[in-house]
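Q: Below is the structure I would like to discuss, written out as structure tokens.
The values are calculated or read from the model by the stated rules, or taken from the named source; none is laboratory data. Keep in mind that this is a model prediction, so the values were computed, not measured. Using ideal geometry, Cβ is built from the backbone for each residue, glycine included, and neighbour counts are taken over all protein chains shown. The protein model used for the area step is the full one, side chains on, heavy atoms only, and it has no ligands, DNA or RNA in it. Shrake-Rupley method; radii C 1.70, N 1.55, O 1.52, S 1.80 Å.
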Amino acid sequence: MSVTAKNLSREEFFYGHKACPGCGGSLAVRNALKVLGKNAVAVLPAGCMSAVGFNFPQLCFGNNAIISTFAGTASMLTGIEAALRIRGCDFTAVGFAGDGGTADIGIQALSGAIDRGDNIIYICYDNEAYMNTGIQKSGLTPFGAKTTTTPAGENIRGNIRPKKNMFEIAAAHGIPYAATATVGYMTDFLNKVEKASRIKGTKYIHVIAPCPSGWGIPESDTVEVAREIVDCGLWYLAEFYEGEFKVTHTPKEFTSVENYLKKQGRFKHLTAEDIKIIESSRDKKWEKIRKEWV
Ligand SMILES: Cc1ncc(C[n+]2csc(CCOP(=O)(O)OP(=O)(O)O)c2C)c(N)n1
């Protein structure tokens, strides 16, 4: 049965945490755990979700949860999966790691787990920078974004590198299931989590999760901005399953990229020329998607 806002469990597994108002990452963790239920065993590496979820003596999880080393989300999932399987437990091993913890420091452990085919779900909540330590650029920071390590000046206007494509990197391993999502299309995300829980082997879900402090948006706009990134075509909702890519949502017409960018403090400095570069890379990507994935 598909997950809807109506049938989503009322039981809470991530509550009383200290996340900032409007935190997209906490929305992703809270709702994904409602889908996976009390037998989920969650691994959280160093990052915002572990910082706000484990404040001794207040553990903010209703299920079992543990902090891993920054690089070790996938390795700890591997160990938990092996140990609980041998003990005959009924469980789902799930990791929630930030973009830095996934695309940079944790990529080796993730790649190894996929290679071994470990039966785990790895969820990357992508707020597009190292937010917990003060907004440093990660491998998933988009082109043009201002961070504390990619400042916007006269000659260099924010991040000069494109965002790594973690979804396709995971798919390139021949993973059983990978998907992209956003907290702006919550039921799409939750149905992907539910589907992942029924598939054996390694599953990777990449969910866009805006951070009001890092993105320079009002706390009340998290969900709207998380929708807009898909509507303007800068993010796409897709799946990789049984070796095939498929888009799960195709905007008929894109909304304005400029509007999406200009409402965020981190992109305020961008020139018309910068926005054109961003639009043309979107168009190139969608040309490929429309040709090959639909
Ligand atoms: C080996 C190691 N290096 C650096 C740190 C410091 N550190 C803790 S959290 C964090 C940022 C995490 O960023 P990300 O993974 O993107 O998650 P977010 O904070 O955005 O949720 C850093 C650099 C650490 N804990 N361990």
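Q: Check which residues have an amide H placed less than 5 Å from THR149's amide H, if you skip close sequence neighbours.
A: LYS137
Q: Mind checking the per residue accessible area of the chain for me, 1.4 Å probe, whole number of Å²?
A: Computed with neighbouring chains in place, this is 45 Å² per residue.
Q: So, one more: Quick check: at a probe of 1.4 Å, how many percent of the accessible area of the range 24-292 sits on carbon and sulfur atoms?
A: On the way: 5960 of 11400 Å².
Of all accessible area on the range 24-292, carbon and sulfur atoms account for 52 percent.
Q: What are the residues whose amide H is under 5 Å from the amide H of VAL41, where those residues sit 5 or more places off or on another chain and H is modelled from the backbone?
A: THR92, ALA93, VAL94
Q: Dipole of the range 24-292, Cα-centred, from +1 at each Lys and Arg C-beta and -1 at each Asp and Glu C-beta, to the nearest 20 debye? Before the final figure, lay out the partial values.
A: Numbers: 31 positive and 28 negative charges, 48 e Å.
So the dipole magnitude of the range 24-292 works out to roughly 220 debye.
Q: Hey, another quick one. Report ³J(HN,Hα) in whole Hz for each residue of the range 84-90, in order, from the Karplus equation J = 6.51 cos²θ - 1.76 cosθ + 1.60 where θ = phi - 60°; Gly and Pro get x.
A: With coefficients 6.51, -1.76 and 1.60, one gets 6, 5, 5, 7, x, 7, 9 Hz.
Q: Which value, in debye to the nearest 20, describes the size of the charge dipole of the range 195-294 about its Cα centre when Lys and Arg Cβ atoms bear +1, Asp and Glu Cβ atoms bear -1, and nothing else is charged?
A: Dipole about the Cα centre, nearest 20: 360 debye.
Q: A further question on this structure: Each residue of the range 137-152 in order: what ³J(HN,Hα) in whole Hz does its phi give by Karplus 6.51 cos²θ - 1.76 cosθ + 1.60, θ = phi - 60°, with x for Gly and Pro?
A: Per residue, the Karplus-derived 3J(HN,Hα) values read 4, 10, x, 10, 6, x, 4, x, 6, 8, 10, 6, 9, 10, x, 9 Hz.
Q: So, by mean Cβ neighbours within 10 angstrom, what's the order for 285-294, 69-78, 193-202 with the highest one leading?
A: Details: 285-294: 12.5, 69-78: 22.2, 193-202: 17.8.
Listed from highest to lowest mean packing, they are 69-78, 193-202, 285-294.
Q: Could I ask something else about it? Pairing the Cα long axis of helix 24-36 with the longest principal axis of the chain, what angle in degrees results, from 0 to 90 and rounded to the nearest 10?
A: Roughly 30 degrees between the two axes.
Q: So how tilted is helix 107-116 from the main axis of the chain? Cα-based, degrees 0 to 90, rounded to 10.
A: Helix 107-116 sits roughly 50 degrees off the main axis of the chain.
Q: Another question, if that's okay. On a full-extension model of 0.36 nm per residue, what is the gain between GLU242 and ASN165, subtracting their alpha-carbon distance, rounded to one decimal in nm?
A: This chain segment gains 25.8 nm when fully extended.
Q: Run the numbers for THR187 and ARG10: contour at 0.36 nm per residue of separation, minus the present Cα-Cα distance, in nm.
A: 62.2 nm
Q: If the chain between GLN58 and GLU287 were fully stretched, how many nm would it gain, using 0.36 nm times the residue separation less the Cα-Cα distance? Provide the component values of the computation, followed by the final result.
A: Details: separation 229, 0.36 × 229 = 82.44 nm, distance 4.88 nm.
Length gained between GLN58 and GLU287: 77.6 nm.
Q: Calculate the length of the line joining the C-alpha centroid of the range 14-32 to that of the range 67-87, in whole Å.
A: First find each Cα centre; the distance between them is then 22 Å.
Q: Across the range 154-171, in residue order, what do the Karplus-derived ³J(HN,Hα) couplings come to in whole Hz, using 6.51 cos²θ - 1.76 cosθ + 1.60 with θ = phi - 60° and x for Gly and Pro?
A: Ordered by residue, 3J(HN,Hα) equals 6, 8, 10, 9, x, 5, 9, 9, x, 6, 5, 9, 5, 4, 6, 5, 5, 4 Hz.
Q: I'd like the distance separating the alpha-carbon centroids of the range 210-244 and the range 125-193, in whole Å.
A: Taking the Cα centre of each part, the range 210-244 and the range 125-193 sit 10 Å apart.
Q: Quick one: what does P(r) look like for the chain with 10 Å bins over all Cα pairs, in whole %?
A: P(r) over the chain, rounded to whole percents: 6, 30, 37, 21, 5, 0, 0.
Q: How far, in degrees from 0 to 90, does helix 222-231 lean away from the longest principal axis of the Cα atoms of the chain, to the nearest 10?
A: Rounded to the nearest ten degrees, it is 70.
Q: Here is a follow-up. Dipole magnitude of the range 15-118 about its Cα centre, charges +1 at Lys/Arg Cβ and -1 at Asp/Glu Cβ only, in debye to the nearest 20?
A: Dipole magnitude for the range 15-118 comes out near 360 debye.
Q: What does the helix-only formula give at 222 nm for the chain: each DSSP H stretch with n ≥ 4 adding -39500 (n - 2.57), the total divided by the residues, and the result rounded to the nearest 500 deg cm²/dmol?
A: -10500 deg cm²/dmol
Q: If you don't mind, there's one more thing I want to ask. 5 Å is the cut-off here: which amide hydrogens, built 1.01 Å from N in the peptide plane, fall below it relative to ALA179, excluding neighbours closer than 5 in sequence?
A: TYR204, ILE205, HIS206, PHE240
Q: A further question follows. Tell me whether the range 146-261 comes out rounded, prolate or oblate; compute the Cα gyration tensor, take square roots of the eigenvalues as a ≥ b ≥ c, and use a/c under 1.5 as the rounded threshold. All intermediate terms of the calculation are to be shown ahead of the outcome.
A: Details: a/c = 2.05, a/b = 1.62, b/c = 1.26.
It is prolate, given that a/c is not under 1.5 and a/b is the larger ratio.
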